[in-house]
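S.K.: Got a structure here, written out as structure tokens. Questions coming.
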Amino acid sequence: MIRKPIILSLFIILLTGSAVAQKNKKKGGAVLKADNFRHYVDYFNKMEDENIAQAIPNAQSWDWMKANIPLFECPQQNFEEMWYYRWWTLRKHIKQTPVGYIFTEFLVNRSYADKYNLIASATGHHIYEARWLHDNKYLNDYLHVWYRGNDGKPMKKLHGYSSWNIYAMYNRYLVNKDSAWLMNMLPDLEADHAAWEAEKRLPSGLFWQADVKDGMEETISGGRREKNARPTINSYMYGNAWALSQLQNMAGNKARAELYMSKADSTKRLFHQLLWNPKDTFFETRKQADTLANVREEIGFIPWYFNLPEEGYEAAWKKVTDEKGFFAPFGLTTAERKHPEFRSHGCCQCEWDGAVWPYATAQTMTAMANLMNNYKQNVVNDSVYFRHMELYVESQYYRGRPYIGEYLDEKTGYWLKGDQERSRYYNHSTYNDLIITGLVGLRPRKDNTIEVNPLIPGNKWDWFCLDNVAYHGKLVTIIWDKDGSKYKKGRGLSVWVNGKKVASADKLQRVTGTL
């Protein structure tokens, strides 16, 4: 039961946030004009016969996008087109239920889904992507449904798949700074974490999961019923415990904060001790038989999504530029290409033995951005990051049109579910969050400093603009204009908050300013 004072504080925050947004819009300062990008949505609407419509049909898609999304412009047209396409497809998955808005994963109903066609697998991705929407109600409702939508209790299949929800919610807070909403969720999140510990802890202290319940069927390292200590769930459990420590500090609960940090530290220590394969220089799955699987899989990059590894393990990332490793013509493969069992499980039944999955690509690209921002390393640079983002964009086309599906052939780019209705608009990954936090480089943080570190090589784009970004209750604009002729706001990189310049540099580099 939510106490009345908390309800009142949430109501005030919603009113205040709305007022700030309206005030900022009235103040102006935006560089890009939304209507200049409407042609993308007109094209997307004409691409299809809309056979499935949920809360916001195609006819209302542009009005919804205009009210809710940041604007992005760049000289590489496919990056820009994909930006608006992914917001357009995310909107398709917003569904109104009797207990609030939710985000679906498939537009078609799935037999194994929870009530309202909810599937827990990609909830962390949904949070990261939708945290940039101007209206908080969609994510607020969605998470309330997952944790309270079953007559005040969690949905029955909340634990149907591994989850980094708590960590993702904390990272959403770094964008909207709505501490009251998050504090109200704290008891639910503590109970959720305790349930995961009870369900999945091994005698070693690590956590197990069958690959299918990681949302990753038919891997080389595991099996549908094997209880293996995988880099996935152990990274998630570390991230969730770490985030709970931050939340307890926010609540003023020092002892509880120390408890969760102790849990995170314990998982971190065991992770290095038991999942690092020094022979392969890679984090790998530990099998039920207590031996490493001895196969490099893309899940070995996930620990950096949570800044889990200590410094000194960065050699693993050499494999993202190795054509015998994970580097393929259409993106990052889910297993190392030279392994004898690569793509050995057949085709088209959701195999994770090598084909390219946007779900995994999004995790790896988030992890790579963290590596480049938070670690001292010389293994990958902005040219590597940019090339993989190019491949990610190029992969999201089918028959010459924008498309996001389940998974694809690493050499041809062919979507392996073909024309199956279930695969269209598959809401199982991020893209726009990668543009904001990785490529353009707005790094969410809890203090009053705004930090921007673009991961774009200086010789690639002469200009770009990310505009109308709702961040800490303000509107942020980030401009790169090499010679100052495009936007007439000066040469170089500049960061603007509510129309006021707060940071700048002559080159593409890390800059900071005060909000």
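S.K.: Between residues in the stretch 44-63 that are at negative phi and residues that are part of a loop (DSSP other than H, G, I, E, B) and of a type in the set (Val, Ile, Thr), which pairs lie under 9 Å by C-beta distance while being six or more apart or on different chains?
M.R.: 52/108; 54/104; 63/56
S.K.: While we're on this one: Residue pairs, Cβ under 8 Å, 6 or more apart or interchain, first in the stretch 376-388 and outside any loop (DSSP other than H, G, I, E, B), second of a type outside the set (Val, Ile, Thr) and surrounded by fewer than 18 Cβ atoms within 10 Å (Cβ to Cβ). List them.
M.R.: Within 8 Å, the pairs are 382/457; 383/457; 386/457; 386/460.
S.K.: Let me ask another. Name the residue that is surrounded by the most Cβ atoms within 10 Å (Cβ to Cβ), counting only residues in the stretch 259-284 that are touching a helix residue (DSSP H, G or I) at 6+ places or on another chain (Cβ under 7 Å) and under 13 Å from residue 303 (Cβ atoms).
M.R.: Pass one, the stretch 259-284, residues touching a helix residue (DSSP H, G or I) at 6+ places or on another chain (Cβ under 7 Å): 260-261, 263-264, 267-268, 271, 275, 281-284.
Within this subset, residues satisfying the condition of being under 13 Å from residue 303 (Cβ atoms) are 264, 267-268, 271, 275, 282-284.
Working: 264: 21, 267: 24, 268: 20, 271: 23, 275: 22, 282: 25, 283: 28, 284: 24.
If we take residues in the stretch 259-284 being touching a helix residue (DSSP H, G or I) at 6+ places or on another chain (Cβ under 7 Å) and under 13 Å from residue 303 (Cβ atoms), then 283 is surrounded by the most Cβ atoms within 10 Å (Cβ to Cβ).
S.K.: Determine which member of the set 310, 297 is among the charged types (D, E, K, R) and out of contact with any Asp or Glu (no Cβ under 8 Å at 6 or more places or on another chain). It would help to see each step written out before you state the result.
M.R.: Values: 297 fails: out of contact with any Asp or Glu (no Cβ under 8 Å at 6 or more places or on another chain).
The match here is 310.
S.K.: Count, please, the residues in the stretch 399-414 that happen to be in a loop (DSSP other than H, G, I, E, B) and surrounded by fewer than 18 Cβ atoms within 10 Å (Cβ to Cβ).
M.R.: Filtering the stretch 399-414 down to residues in a loop (DSSP other than H, G, I, E, B) leaves 399-400, 403-407, 409-414.
Subset that is surrounded by fewer than 18 Cβ atoms within 10 Å (Cβ to Cβ): 399-400, 411-412, 414.
Residues meeting the conditions: 5.
S.K.: Here is a further query. In the stretch 445-483, what residues are among the hydrophobic types (A, V, I, L, M, F, W, C) and over 18 Å from residue 72 (Cα atoms)? Working first, answer last.
M.R.: Let us first name the residues in the stretch 445-483 that are among the hydrophobic types (A, V, I, L, M, F, W, C), namely 450, 452, 455-456, 461, 463-466, 469-470, 475-476, 478-480.
Residue satisfying the conditions is 450 alone.
S.K.: Give the residues of the stretch 278-325 that are in a loop (DSSP other than H, G, I, E, B), free of Cβ contacts under 8 Å to residues at least 24 places away in the same chain and not charged (D, E, K, R), sorted by residue number.
M.R.: 278, 289, 291, 294, 312
S.K.: Which residue pairs have Cβ atoms under 7 Å apart, sit 6 or more places apart or on different chains, and have a first residue in the stretch 423-452 that is without any contact (Cβ under 8 Å) to a residue 40 or more places away in the chain and a second that is part of a helix (DSSP H, G or I) and surrounded by 21 or more Cβ atoms within 10 Å (Cβ to Cβ)?
M.R.: Every condition considered, the pairs that remain are 442/436.
S.K.: From the list 169, 183, exactly one residue is in contact with a helix residue (DSSP H, G or I) (Cβ under 8 Å, 6 or more places away or on another chain), surrounded by fewer than 18 Cβ atoms within 10 Å (Cβ to Cβ) and among the aliphatic types (A, V, I, L, M). Which is it?
M.R.: Details: 169 fails: surrounded by fewer than 18 Cβ atoms within 10 Å (Cβ to Cβ).
After applying the criteria, what remains is 183.
S.K.: So, in the stretch 303-338, how many residues would count as being of a type in the set (A, V, I, L, M), under 24 Å from residue 209 (Cα atoms) and touching a strand residue (DSSP E or B) at 6+ places or on another chain (Cβ under 8 Å)?
M.R.: Step one: list which residues in the stretch 303-338 are of a type in the set (A, V, I, L, M), which gives 308, 315-316, 320, 328, 332, 335.
This time we only want the ones that are under 24 Å from residue 209 (Cα atoms), so: 308, 316, 332, 335.
Next, from what is left, pick out any that are touching a strand residue (DSSP E or B) at 6+ places or on another chain (Cβ under 8 Å): 316, 332, 335.
So the answer is 3.
S.K.: Given the conditions (1) surrounded by fewer than 17 Cβ atoms within 10 Å (Cβ to Cβ); (2) modelled with pLDDT under 95; (3) in a loop (DSSP other than H, G, I, E, B), report the number of the one that residue 417 does not fulfil.
M.R.: Here residue 417 clears every test but (1).
S.K.: Here is a follow-up. Of the residues that make up the stretch 260-277, is at least one part of a loop (DSSP other than H, G, I, E, B) and modelled with pLDDT of 95 or more? Quick ask: steps written out before the conclusion?
M.R.: If we filter the stretch 260-277 for residues that are part of a loop (DSSP other than H, G, I, E, B), which is where we start, we get none.
No, that holds for no residue.
Rundown of residues vs (1) of a type outside the set (Phe, Trp, Tyr); (2) within 21 Å of residue 95 (Cβ to Cβ); (3) touching a strand residue (DSSP E or B) at 6+ places or on another chain (Cβ under 9 Å); (4) assigned to a helix (DSSP H, G or I), yes/no style:
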| position | (1), (2), (3), (4) |
| --- | --- |
| 124 | yes, yes, no, yes |
| 132 | no, yes, yes, no |
| 139 | yes, yes, yes, yes |
| 144 | yes, yes, yes, yes |
| 159 | yes, no, no, no |
| 166 | yes, no, no, yes |
| 169 | yes, yes, no, yes |
| 187 | yes, no, no, yes |
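Every residue, every condition in (1) more than 16 Å from residue 510 (Cα to Cα); (2) in a strand (DSSP E or B); (3) in contact with a His (Cβ under 6 Å, 6 or more places away or on another chain), yes or no:
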| site | (1), (2), (3) |
| --- | --- |
| 468 | yes, yes, no |
| 480 | no, yes, no |
| 483 | yes, no, no |
| 486 | yes, no, no |
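S.K.: Within the stretch 499-513, can you find the residues that are polar (S, T, N, Q) and more than 26 Å from the chain's Cα centre (by Cα)? I'd like the intermediate steps shown before the answer.
M.R.: Pass one, the stretch 499-513, residues polar (S, T, N, Q): 504, 509, 512.
Once the filter is applied, which keeps residues that are polar (S, T, N, Q) and more than 26 Å from the chain's Cα centre (by Cα), the stretch 499-513 yields only 504.
S.K.: Can you name every residue in the stretch 331-341 that is in a loop (DSSP other than H, G, I, E, B) and buried (at least 19 other Cβ atoms within 10 Å of the Cβ)? Step through it out loud before you land on a result.
M.R.: If we filter the stretch 331-341 for residues that are in a loop (DSSP other than H, G, I, E, B), which is where we start, we get 333-334, 336-341.
Of everything in the stretch 331-341, those that are in a loop (DSSP other than H, G, I, E, B) and buried (at least 19 other Cβ atoms within 10 Å of the Cβ) turn out to be 333, 334, 336, 337, 339.
S.K.: Taking only the stretch 212-239 into account, find how many residues are at pLDDT 95 or above, of a type in the set (Lys, Arg) and either part of a helix (DSSP H, G or I) or surrounded by fewer than 24 Cβ atoms within 10 Å (Cβ to Cβ) (or both).
M.R.: Result for the stretch 212-239: 2.
S.K.: Only residues that are more than 20 Å from residue 202 (Cβ to Cβ) and touching a Phe, Trp or Tyr at 6+ places or on another chain (Cβ under 6 Å): list them for the stretch 270-297, please.
M.R.: 296
S.K.: Okay, moving on. Determine if the stretch 111-130 includes at least one residue that is closer than 21 Å to residue 64 by Cα and acidic (Asp, Glu). Please lay out each step first, then the result.
M.R.: Residues of the stretch 111-130 that are closer than 21 Å to residue 64 by Cα, as a first pass: 125-130.
Those still in the list that are acidic (Asp, Glu) too: 129.
Checked the stretch 111-130: at least one residue is closer than 21 Å to residue 64 by Cα and acidic (Asp, Glu).
S.K.: Looking only at the stretch 488-515, how many residues end up being in contact with a helix residue (DSSP H, G or I) (Cβ under 8 Å, 6 or more places away or on another chain) and not in a loop (DSSP other than H, G, I, E, B)?
M.R.: 0
S.K.: For a quick check of your reading: which helices (runs of 4 or more DSSP H) sit entirely within the stretch 29-97 and have at least 3 residues that are among the basic types (Lys, Arg)? Please lay out each step first, then the result.
M.R.: On the way: elements: 38-46, 61-68, 77-92.
Ranges flagged: 77-92.
S.K.: Further, regarding this structure: Looking at residue 123, is it touching a residue at least 60 places away in the same chain (Cβ under 8 Å), surrounded by 18 or more Cβ atoms within 10 Å (Cβ to Cβ) and under 23 Å from the mean Cα position of the chain (by Cα)? Talk me through it step by step, then tell me what you get.
M.R.: Numbers: touching a residue at least 60 places away in the same chain (Cβ under 8 Å): no; surrounded by 18 or more Cβ atoms within 10 Å (Cβ to Cβ): yes; under 23 Å from the mean Cα position of the chain (by Cα): yes.
Considered against the rule, which asks whether it is touching a residue at least 60 places away in the same chain (Cβ under 8 Å), surrounded by 18 or more Cβ atoms within 10 Å (Cβ to Cβ) and under 23 Å from the mean Cα position of the chain (by Cα), residue 123 comes out as no.
The values are calculated or read from the model by the stated rules, or taken from the named source; none is laboratory data. Keep in mind that what you see is a predicted model, and the values were worked out from it rather than measured. Note that each Cβ is placed from the backbone with ideal geometry, even for glycine, and that neighbours are counted across all protein chains shown.
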